[in-house]
Amino acid sequence: MTADAAPPRPGLAWDNRDTLGYGKALLATVKGVLLEPGPSFGAMRRDGGVGGPLLFAVFLGTLGSWAALIWQTLLSFLLPTALTANGLEMLGTVVSLVVTAVLMPALIVFQLFMIAGLVHLLLLVFDGGQHGFEATFRTIAYAYGGTAPLNLLPIPYLAPLVAWVWHLVAAIVGLGKAHETAGWKAAAAVLLPLGVCCVCICVGIGVALALGVSAVGMN
């Protein structure tokens, strides 16, 4: 190693799961991402493959998503409208829940690669992706998996929102540490797509309202 070369990173606990044990490594990584994202992602290895982080994210993401689905379903059954629902409607709700639960791991894999690809592209645009796509993917996967257990909180609808917000925070902090880039570049890469989506939604709602008002006026 040359005098000016950076020392190798020790990695997150999940990177050392064969030594620490899967359970201990899982809990330690979740704790680090949730409570100390800066030091945790500062220690994260930028290479080593995407399989480990992907397994971490899919496992915890699936459990968290299942928990959110269960809490939301239980709450929907307690609403007054559930009392008037017929058997067919109840069966449809259960089937929809089961199908979503079965497909969840595949959906998470697709989501992770899509988000990581888009974020890394924006990092390159802002000259902030110095350490390659693998570093970006590992960060996104660990940020997602590390915050997914927040969905286990028995607070329907609110728990997923908290998990999503903290995932954004962890991803921004993590990307800054992984790529050793300015925080604003990491924030822009993560938040810009959300801003574009919000603008598109607002425009769509505005167009729909305008068409509705126009139709009512014509009548």
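So here's what we get for this one:
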| read-out | value |
| --- | --- |
| Projected label distance in nm at Asp18 and Val199, using a 7 Å step from Cα toward the beta-carbon | 4.7 nm |
| Rounded to 10°, Cα long-axis angle of helix 183-218 versus longest principal axis of the chain | 10 degrees |
| Computed label-point distance, nm, for sites Glu180 and Val125 using a 7 Å Cα→Cβ extension | 2.6 nm |
| Tilt relative to the chain, helix 158-179 - C-alpha long axis, 0 to 90 degrees, to 10 | 30 degrees |
| Inter-label distance for Leu63 and Val109, nm, one decimal - labels placed 7 Å from Cα along Cα-to-Cβ | 2.0 nm |
| Net +/- balance of residues flanking Ala135 in space, Cβ distance below 14 Å, scoring K and R +1, D and E -1 | +2 |
| Principal-axis tilt of helix 87-125 within the chain, Cα atoms, nearest 10 degrees | 40 degrees |
| Inverse mean reciprocal Cα-Cα distance (Kirkwood Rh) of the chain, Å | 19.4 Å |
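Where a number appears in this text, it was derived from the coordinates with a stated rule and is not lab data. From a predicted model like this one, the values you see are computed outputs, not experimental measurements. We place every Cβ from the backbone using ideal geometry, glycine too, and count neighbours over all the protein chains shown.
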